[in-house]
Amino acid sequence: MYRVLGKPRPYYCLCLLLYKMDENLSEQYSTLAKKLHEKTTSFDEVLRTLTHINSDLRDRCEKVLNTLATLNGSKSQKTCSVCCAREGDTVFTPCGHGLYCAGCAGRGERRGRCHACRGAVEGTLRVYV
Ligand SMILES: [Zn+2]
Ligand SMILES: [Zn+2]
């Protein structure tokens, strides 16, 4: 049982309009679907390239990390370059020279001159490598 109450509601007109547009829309839809398919195909290609680049980057990062690990290993055994006796673990600021032992770094700091570049020493920094 269907009964129209009062004037037709706005969505009623909209439905009619959509029905008229239906043929045109289905054509547009197939065009869009085709475009979507093309985009998906090219996206797949981009994704493959990206995967390749990503694995290449990962390989390079591993190499860098390995090199860093090797460097860190050798640095931790480094002796002070001034007295060549004790372990060097202190650098001067701001020039950054160092890996001197605490004693030699202290002497350089009191003198106010860097052992390497003779630049002004404002302080020392203990490094952990
Ligand atoms: Zn020293
Ligand atoms: Zn220096």
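Throughout, read-outs are computed from the coordinates displayed, never taken from laboratory work. Bear in mind the structure is a predicted one, so any value in this text is a computation, not a measurement. Backbone-built Cβ (ideal geometry, glycine too); neighbour counts: all protein chains shown.
Return the only residue of GLU27, GLU62 being within 28 Å of the chain's Cα centre (by Cα), acidic (Asp, Glu) and either within 16 Å of ligand 2 (Cβ to nearest atom) or more than 18 Å from GLY123 (Cα to Cα) (or both).
Values: GLU27 fails: within 28 Å of the chain's Cα centre (by Cα).
Checking each option against the conditions leaves just GLU62.
With the requirement that a residue be near ligand 2 (Cβ under 9 Å from one of its atoms), surrounded by 14 or more Cβ atoms within 10 Å (Cβ to Cβ) and not charged (D, E, K, R), what does segment 109-129 give you?
Listed by number, the residues that qualify are CYS114, HIS115, ALA116, GLY119, VAL121.
Within segment 85-108, how many residues are buried (at least 17 other Cβ atoms within 10 Å of the Cβ), away from ligand 2 (no atom under 11 Å from the Cβ), hydrophobic (A, V, I, L, M, F, W, C) and not in a loop (DSSP other than H, G, I, E, B)?
Final tally of qualifying residues: 3.
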